[in-house]
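The values are calculated or read from the model by the stated rules, or taken from the named source; none is laboratory data. These numbers come from a predicted model, not from an experiment. Counting neighbours? That spans all protein chains shown, and the Cβs are built from the backbone with ideal geometry, glycine included.
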Amino acid sequence: MIERETVGKLRDLVAEMEAQLKAAGMATPRAEAEWMVAEALGVSRTELYLRDEPVGAAAVERVRGWAARRVAGEPLQYILGSAPFCGLNLSVRPGVFIPRPETEVLAERAVRHLQGLGRPATVLELGTGSGAIAIALARAVSTCVVVAVELSWEALQVAQANCAAHGVRDCVRLIQADWAAAVRGPFDVVLSNPPYVPTQDIPPTLGDPRLALDGGLDGLEWHRRLLADMPRLLTGGGVLGAECDERQAGALLALAQAQPWIRDTALYADLAGRPRGIWITRERIEN
C-alpha cells in the first residue's frame, strides 16, 4: 500500500539500492535491489516496473536499512526472513542453512523418480535444515512419506513452521537426531545435501551455520557416512541422491563405485552443466 508521505519513485529506489550494492561488490545487485524493494512493498518484482508510483518514507527507510545490513555482509535471505526453493517461499533465519537454487536440481530429480515409481514410497532426508527438499517432495508427490532428520533444534523449529505453512505436516515427519543414528530403514529414496565445505575453506562470515558447512578435511566426511549407512537404510533397488561441490565430484564417484552394494552410479549436473552431485541405485536384494 502506498503511503501518503512519499519519497521518490519505485524505479528510483531500485536504482539507488542497485548502485549501493554494486559499489559494495555484490554479484547480483539488480536482482537483490528488486527483491528488497518488492518485499518492502508487498509486490512482485515485475510490478516494480509496471507501477509508476511514489514510495512511502517508511518503506524507503526499511529498504535502506536492509541494504546497509547487506553491504555489511549479512545474507539477504536472513535479512528478509525467507528464501525461494522450487517455487516455494520458505522461512529462514540466522542459524539455519539457506536453501540454494542448485539444490533444486536434486529435489526435482527425486520428484521425477518418485513419480515414475507409480506407487507410494518412503523417503529419508538427512540434514533437512529449513525443510526445503522434504517439503518440495511432499508438495509434488502426495503419495510419498518423508522422514526428515536434523541435528539443530533451531533449524528443526524452522522446518516445522515451513511444513505447517505449506500444508505437509501429515506427510513430513521431522526427527532431531545425529545423522541417521535414530533412523531405521529401509527407504525407497535417501537424499541429502550434506556439509561439504573443507574445514579450512569455511569463511568467517555472517552466513550459514558452521554445522551445515563443515565437511571435514576434504569435504567428503559426511558423504562417507552416507555411503556406510546405505546397506542398512536403502531398500533393494532404491536410490541415493547427494549433492557435492563440483571439485569433489570425481573423488565422490570413485568412493561410490568402490561400494559392493551399488548397482548403478552416476554424477548429475546443475543447470550450468557443472557436476553437482551423485545418483546411486542399490542392487536388488534376493529373497
- Considering the stretch 70-90 alone, what residues qualify as being buried (at least 17 other Cβ atoms within 10 Å of the Cβ) and not hydrophobic (A, V, I, L, M, F, W, C)? ARG70, PRO75, GLN77, TYR78, SER82
- Report, by residue number, each residue of the stretch 165-221 that is part of a helix (DSSP H, G or I) and among the aliphatic types (A, V, I, L, M). ALA165, LEU211, ALA212
- Item | Test for ALA136: is it in contact with a Phe, Trp or Tyr (Cβ under 7 Å, 6 or more places away or on another chain), modelled with pLDDT of 95 or more and either part of a strand (DSSP E or B) or of a type outside the set (S, T, N, Q) (or both) | yes
- What are the residues in the stretch 20-57 that are surrounded by 13 or more Cβ atoms within 10 Å (Cβ to Cβ), more than 25 Å from the chain's Cα centre (by Cα) and not polar (S, T, N, Q), if any? LYS22, ALA24, LEU41, GLU47, LEU48, ARG51, GLU53, PRO54, VAL55, GLY56, ALA57
- From the list GLY219, GLY237, which residue is surrounded by fewer than 19 Cβ atoms within 10 Å (Cβ to Cβ) and over 17 Å from the mean Cα position of the chain (by Cα)? GLY237
- One residue from GLU34, GLU61 being free of Cβ contacts under 8 Å to residues at least 60 places away in the same chain, in a helix (DSSP H, G or I), within 25 Å of ILE98 (Cα to Cα) and acidic (Asp, Glu): GLU34
- Of all the residues that make up the stretch 249-265, how many are in contact with a helix residue (DSSP H, G or I) (Cβ under 8 Å, 6 or more places away or on another chain) and outside any loop (DSSP other than H, G, I, E, B)? 5
